[in-house]
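Here is the structure we will look at, set down as structure tokens.
Read-outs: derived from the displayed coordinates by stated rules, not from any lab. What you are looking at is a predicted structure, and each value in this text was computed from that prediction instead of being measured. A quick note on method: Cβ atoms are made from the backbone with ideal geometry, for glycine too, and the neighbour counts reach across all protein chains shown.
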Amino acid sequence: MADRIAIVGAGIGGLALALGLARAGKRLRVYEQAPELREIGAGVSLSPNAVKGLRYLGVGERLEAMADEPPTQVTRHYANGKVLVNFRRHNTREQQGAPYLQAHRADLHDLLRERLAALQPDALVLDKELTAVSDDPAGVYLLGFADGSQAGADLLIGADGLKSTVRREVFSEPAPEFSGFVAWRGLVTRDELGAEQSRPGSMVFVAPGRMFVRYPVRHGALQNFVAFSRADNWTAEGWSQTGDIVSVRGVFSDFHEDARVVLSAFSGRRCHMWGLFSRRPLPRWVRGRATVLGDAAHPMLPWLGQGAAMAIEDAVILCRSLIEFEEAGEALCRYEHARRERVMVIHRQSLLGGDRLMQQDPDELARRPVVTEETLGLSHYDPATEPL
Ligand SMILES: Cc1cc2nc3c(=O)[nH]c(=O)nc-3n(C[C@H](O)[C@H](O)[C@H](O)COP(=O)(O)OP(=O)(O)OC[C@H]3O[C@@H](n4cnc5c(N)ncnc54)[C@H](O)[C@@H]3O)c2cc1C
């Protein structure tokens, strides 16, 4: 195993890998560009495959105690509120080997970070934006940071998200492409929304070219919302910015009261706005002793709610490979081999999801077979026991 392991990016994927390696007694460094580690105010859906990965990392019990387990996922017509699909999750835990959970992103992030800090207090280095990577003939990587400092690494893992610098520097792949959708995300408190509207269960309202998702987190203390709409282009510098809630209310003004009530209750003036980008998964994930995971390797559209789940699965498989195979090159190849096909399938399914959910006639959804990550058979996967 390589001596100096460098992970770039302390998102869910980077922290998950760091925690797994630290639990196995490996020394590592996680370089994160942000001066302070903060997750955005939004929820995250964690399908059973992701929960199994988090159990492997030793955080399953805490996560299950803090997260919500929605009994149903109801898809409704955007205007008249008619139920088009009522997908029950009451058997998920038994049938898929783990529950489907919904949590505050910050709670998951904090959990991973705290466990890592308890094992290796100096692992996480903040305010370190990677800007360049070079390597010498012996395969040692020299990492250059925006503050002018440098660090060496024998093994380099890019967990640095959609606009990955590791991917650009090591794999020279083209830039991500705008998908034609934007999303706004925010959280509303139970006091703002009222007890009646804070009941368990997630709701999705579908319209041609638009969609509104809401579900409770922190046991109903907060209601998470994600509002999607088609957009011609994305002109902002980065891939997220803040959006004006008044204009969001305008975009969804013809939606059913049970959707609009959440936007009306939102007390902040601004909420997070995202351009949704996609990128073909890398044809090869390994070059020398460098690899990528999560959004850095295969950013996908959120229609199946599998982006964070794939980052967690990647992290667990890579961690197991690095523990099991002494030679780093072999470990990385085992990781790529174990992951590539599954990720390609899910990436493709995620692309199809937008057209299916936001089609011209929402009533069509009631006439077609139900498609979720569970009916597609994605939730059975257990990254802790998959063959390497
Ligand atoms: C609207 C929306 C809703 C979603 N909902 C879900 C959901 O319900 N379920 C789900 O599974 N997925 C969901 N996703 C997808 C999910 O959020 C991502 O796939 C997941 O967060 C990817 O994790 P990651 O660790 O790979 O990357 P990121 O979370 O992007 O983390 C990358 C980290 O790297 C750091 N970084 C970047 N560049 C550098 C650099 N040069 N130097 C140092 N550090 C750097 C960043 O600051 C960041 O901390 C959603 C996405 C969107 C946009």
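Within the listed set Pro137, Pro200, Pro70, the residue fluctuating most in the Gaussian network model of the chain (springs between alpha-carbon atoms under 10 angstrom) is Pro137.
With a cut-off of 10 Å between beta carbons, the residues surrounding Arg218 carry a summed charge of -1, where Lys and Arg count +1 and Asp and Glu -1. Seen against the Cα atoms of the chain and their longest principal axis, helix 307-324 is set at about 30 degrees. For segment 7-24, the Karplus equation 6.51 cos²θ - 1.76 cosθ + 1.60, evaluated at θ = phi - 60°, returns couplings of 10, 9, x, 10, x, 4, x, x, 5, 4, 5, 4, 5, x, 5, 5, 5, 8 Hz by residue, with Gly and Pro reported as x.
So what's the net charge close to Ala159: Lys and Arg +1, Asp and Glu -1, counting the other residues with Cβ under 10 Å from its Cβ? Its environment carries a net charge of -4. Taking the charge dipole of the chain about its Cα centre, with +1 at Lys and Arg Cβ atoms and -1 at Asp and Glu Cβ atoms, the residue from Ala183, Trp274, Gln360 reaching farthest to the positive side is Gln360.
Among the lysines of the chain, pairs at least eight places apart or on separate chains and with Cα atoms under 28 Å apart come to 5. Listing Ser198, Ser321, Ser172 from fewest to most neighbouring C-beta atoms within 10 Å gives Ser172, Ser198, Ser321. The string of couplings for segment 188-204 from the Karplus curve (6.51, -1.76, 1.60, θ = phi - 60°) is 10, 7, 4, 4, 5, 8, x, 4, 4, 8, 9, 5, x, x, 9, 10, 10 Hz, one whole number per residue in order, with x for Gly and Pro.
Comparing mean-square fluctuations of Arg269, Arg218, Arg23 from a GNM of the chain with C-alpha springs under 10 Å, the top value falls on Arg269.
Taking the chain as a Gaussian network, Cα atoms linked when under 10 Å apart, which of Ala311, Ala195, Ala207 shows the biggest mean-square fluctuation? Maximum fluctuation in the GNM of the chain, among the listed residues, is at Ala195. Evaluating 6.51 cos²θ - 1.76 cosθ + 1.60 at θ = phi - 60° for every residue in segment 211-217, the Karplus couplings come out as 7, 10, 10, 9, 7, x, 10 Hz, glycine and proline recorded as x. Restricting attention to segment 1-87, close to 50% of DSSP beta bridges with both partner residues there are antiparallel. Using equal-weight Cα scatterers in the Debye expression, the normalised intensity of the chain in log10 at q = 0.09, 0.12, 0.13, 0.15 Å⁻¹ is -0.51, -0.92, -1.07, -1.41.
Electrostatic bookkeeping for Ala65 treats Lys and Arg as +1 and Asp and Glu as -1; over the other residues with beta carbon under 12 Å from its beta carbon, the sum is -3. Protection proxy ranking for 181-187, 283-289, using the average of other Cβ atoms within 10 Å per residue and placing the highest first: 181-187, 283-289.
Using only side-chain charges placed at the Cβ, +1 for Lys and Arg and -1 for Asp and Glu, the dipole size of the chain relative to its Cα centre rounds to 640 debye.
Summarising the strand pairing of the chain, around 75 percent of its internal DSSP beta bridges are antiparallel. Taking GluC sites (Glu not before Pro) in DSSP loop states with no more than 14 other Cβ atoms inside 10 Å as exposed sites, the chain has its longest site-free stretch at 37-236.
With N the number of residues in segment 177-277, Rg(Cα) / (2.2 N^0.38 Å) evaluates to 1.05. By its C-alpha gyration tensor, with a ≥ b ≥ c as the square roots of the eigenvalues, how is segment 104-220 shaped: rounded for a/c under 1.5, else prolate for a/b larger than b/c, else oblate? It is oblate, given that a/c is not under 1.5 and a/b is not larger than b/c.
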